[in-house]
Amino acid sequence: MVGTLIIVTVYVTGGVVAGAKSAAHAVVFPFSWAADFVARPVGHLVAGMVNYSDIEAQNKQLRYLLGRETLRADQNALAAQQLRQLSQALHVPVAAALGTLIAQVTMISPTNFSATVTIDKGQDEGVMDGMPVVADGGLVGRIIATSTHTSTLRLLNDTGSVVGATFGNGQTPVLISGQGLNNPLSVTGIPDTASVGVGSLLSTDGLQGGLFPAGLPVGRVTKLLVNPGASTYSVTLTPTANLNNLAYVDVVLWEPST
């Protein structure tokens, strides 16, 4: 009995306490493990959300910086293009000899059937209806309307544009017609005796009563269209000047009536 009590006492004083601690640990530990197990993926999810937000913010910043650099590059390219046009507009000897007025393009209004632009010079600056306009080394069109400080320019590729021109020795007059936006210029009814080939330059003929003075470059032949047995043939032209990227032009101070 005494031994039993001692054993019990020992159990109580040592084993029960230790057992209680172990039991407590055994009881608490599963909950702790479960909480850790449950909390761990949640923690990863939260961390993932934080990391995703950081990445998204960095992407936005990178997109902003890329857009800013792209804008800067585009502005530099535009400035270089405008400088080129300013210099090349002066390289039309006939126009320079007649006198010119530089103007900036302020509005472009192209459609499938018409191609016109607005420039920042008008009647008060000496611009008049019918005056030719050159840029980028060649003819681009003529003035069809004026106001106090602005004018409307009809481009060569406008479907209503017709230019009297010649090629070779200047003895064969032809009419160059606009075919609409992004289409080549067209010439029909060329006599089969006329000598013209791909690369030939056509310039304004300057005939009496014509709309343009003689010698303004208009376009170069890119294709010949010959029908078997026909006495005439047709050609397509690429304008000498780039009509799609006009920034500055020179109004030639010449009137059709003169």
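The values are calculated or read from the model by the stated rules, or taken from the named source; none is laboratory data. Every value quoted in this text rests on a predicted model; they were computed, and no experiment measured them. Here the Cβ is made from the backbone with ideal geometry for all residues, glycine too, and neighbour counts use every protein chain on show.
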Pairs, please: C-beta under 6 Å, at least 6 apart or cross-chain, first residue over 26 Å from Val92 (Cα atoms) and in segment 186-203, second in a loop (DSSP other than H, G, I, E, B) and not charged (D, E, K, R)? Asp192/Ser231
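Are any residues in segment 184-212 under 30 Å from Asp129 (Cβ atoms) and within 33 Å of the chain's Cα centre (by Cα), and if so, which ones? Let's see the steps before the verdict.
The first filter runs over segment 184-212 and keeps only residues under 30 Å from Asp129 (Cβ atoms), leaving 184-189, 201-212.
Pro184, Leu185, Ser186, Val187, Thr188, Leu201, Leu202, Ser203, Thr204, Leu211, Phe212 - these are the residues of segment 184-212 that are under 30 Å from Asp129 (Cβ atoms) and within 33 Å of the chain's Cα centre (by Cα).
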Could you count how many residues in segment 112-136 are crowded, with 19+ Cβ neighbours inside 10 Å, within 22 Å of the chain's Cα centre (by Cα) and not in a strand (DSSP E or B)? 1
Selection status of Thr100, surrounded by fewer than 16 Cβ atoms within 10 Å (Cβ to Cβ), of a type in the set (Ser, Thr, Tyr) and modelled with pLDDT under 95: no
(1) buried (at least 19 other Cβ atoms within 10 Å of the Cβ); (2) β-branched (Val, Ile, Thr); (3) touching a Leu at 6+ places or on another chain (Cβ under 6 Å) all hold for Thr166 apart from (3)
Do any residues in segment 110-123 that are at pLDDT below 95 have Cβ atoms under 8 Å from those of residues that are of a type in the set (Val, Ile, Thr) and assigned to a loop (DSSP other than H, G, I, E, B), where the two are at least six apart or on different chains, and which pairs are they? Phe113/Thr159; Ser114/Thr159
Would you please name the residue that is surrounded by the fewest Cβ atoms within 10 Å (Cβ to Cβ), looking only at residues in segment 138-163 that are polar (S, T, N, Q) and either in contact with a Ser or Thr (Cβ under 9 Å, 6 or more places away or on another chain) or without any contact (Cβ under 8 Å) to a residue 24 or more places away in the chain (or both)? Thr159
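Looking at segment 236-257, can you tell me whether even one residue there is hydroxyl-bearing (Ser, Thr, Tyr), under 21 Å from Gly99 (Cα atoms) and surrounded by fewer than 13 Cβ atoms within 10 Å (Cβ to Cβ)? It would help to see each step written out before you state the result.
The initial filter retains those residues of segment 236-257 that are hydroxyl-bearing (Ser, Thr, Tyr), namely 236, 238, 240, 248, 257.
Subset that is under 21 Å from Gly99 (Cα atoms): 240, 248, 257.
Next cut, surrounded by fewer than 13 Cβ atoms within 10 Å (Cβ to Cβ) only: 257.
Checked against the condition, which is being hydroxyl-bearing (Ser, Thr, Tyr), under 21 Å from Gly99 (Cα atoms) and surrounded by fewer than 13 Cβ atoms within 10 Å (Cβ to Cβ), segment 236-257 yields at least one hit.
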Only residues in segment 232-246 that are among the β-branched types (Val, Ile, Thr) count as the first member; pair them with residues that are not in a strand (DSSP E or B), Cβ under 7 angstrom, at least 6 apart or cross-chain, and list the lot. Thr232/Asp192; Val235/Val196; Thr236/Pro184; Thr238/Pro184; Thr240/Gly137
